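Please read the structure below before turning to the comments.
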Amino acid sequence: MGCLLNREIDLDRFRCRGCGACVEVCPDAFCMDEDGEKAKVIDSAKAPDEAVQLAVAMCPTQCIELHKREERGGRDLCSRMEKKG
C-alpha cells in the first residue's frame, strides 16, 4: 500500500451527512467531529492511497475530493485529480 504525500483531501462538511463510511475504511485520514455529526480530515499524508480512494468512492454524498499538490515557483498549486468510478 502506497501513500501519496503530494495529495490533499477536501471534505465538504456542508454536504456530509455523517454516515461515517470514510472513517470506517480510512481511519488514518478521517474521524468524526467532536459532536459526532460530521466527518473531518485529520491527516492525509499518513493514510494509504487505496484506503483514501475507497473512502472517496464509498461516500454517499460525494463530498470528498482528492487534489494533487504540485510545487511550482515555491508555491503549492492544487489540481483536481479525476475520481475513479
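Footprinting exposure proxy ranking of L54, L66, fewest other C-beta atoms within 10 angstrom first, gives L54, L66.
Label sites at D49 and E24, each approximated as a point 7 angstrom past Cα along Cα to Cβ, lie 2.6 nm apart. Report the gain in length on full extension from D12 to K68: 0.36 nm times residue separation, minus Cα-Cα distance, nm rounded to one decimal. Separation in residues times 0.36 nm, less the Cα-Cα distance, equals 18.5 nm.
Every number here is computed from the coordinates shown, using simple stated rules; none is lab data. The model shown is predicted, which means the values in this text are computed figures rather than measured ones. As a convention, Cβ positions derive from the backbone with ideal geometry for all residues, glycine included, and neighbour counts pool all protein chains shown.
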